[in-house]
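Student: Before I ask anything, let me first share the structure, which is written out below as structure tokens.
The values are calculated or read from the model by the stated rules, or taken from the named source; none is laboratory data. Everything numeric in this text was worked out from a predicted model, so none of it was measured. Cβ: placed from backbone, ideal geometry, glycine included. Neighbour counts: every protein chain shown.
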Amino acid sequence: MRAGASGESRGVANKAVLRWLKFNAVGGIGIGVQLIVLLGLRSGLHLSYLLATALAVEAAVVHNFFWHERYTWADRVQPAWRKSLPRLLRFNLTAGGVSIAGNLALMKLLVGMGCVNYLVANGIAITLCSLANFLVSNEYVFGDEASATQ
């Protein structure tokens, strides 16, 4: 009986690790989206680094949501406008909020006070916000209960 419970625990752990890897793969592409948008807004349009950061983070949040829904948590959710819009709102308010607030605070600290290059600082901010975003997304946005109520 214990061996079955141990095997089941291992299966749950393996599934969590696989989901974490998928999350990071999507996030890696999202980092590219964020950095390209940041570079374009900052260097091309000459926006302030804080406004450019907020807009770049939002672009990455929307990008990541659609990939998470169709890839990372595809086993939990069925994409459909009626169900996806409330999930997008939850994702934007939680993971997006963590990303925007965390990125802006860290950018202000690292660039504004620490004179770190804005692209390097943005990479640091993305990394530090990642774990909180995974936990919030896994439990609240794409959690079994969240998809069951839709």
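Student: Considering only the stretch 62-81, state which residues are at pLDDT 90 or above and assigned to a helix (DSSP H, G or I).
Tutor: Residues satisfying the conditions are VAL62, HIS63, ASN64, PHE65, PHE66, TRP67, HIS68, GLU69, ARG70, TYR71, THR72.
Student: Related question: Just a yes or no: is a residue in the stretch 109-118 at pLDDT below 90 and at negative phi?
Tutor: Initial filter on the stretch 109-118 (at pLDDT below 90): none.
Among the residues of the stretch 109-118, not one is at pLDDT below 90 and at negative phi, which makes the answer no.
Student: Which residue is nearest to LEU55 (Cα to Cα), if the candidates are limited to the stretch 73-96 and must be small (Gly, Ala, Ser) and surrounded by 16 or more Cβ atoms within 10 Å (Cβ to Cβ)?
Tutor: In this case the residue turns out to be GLY96.
Student: Mind listing whichever residues of the stretch 110-127 are loosely packed, with under 14 Cβ neighbours inside 10 Å and under 12 Å from the mean Cα position of the chain (by Cα)?
Tutor: Hit for the stretch 110-127 is THR127, nothing else.
Student: Scan the stretch 37-92 residue by residue and report those that are among the basic types (Lys, Arg), touching a helix residue (DSSP H, G or I) at 6+ places or on another chain (Cβ under 7 Å) and within 15 Å of SER137 (Cβ to Cβ).
Tutor: ARG76, ARG87, ARG90
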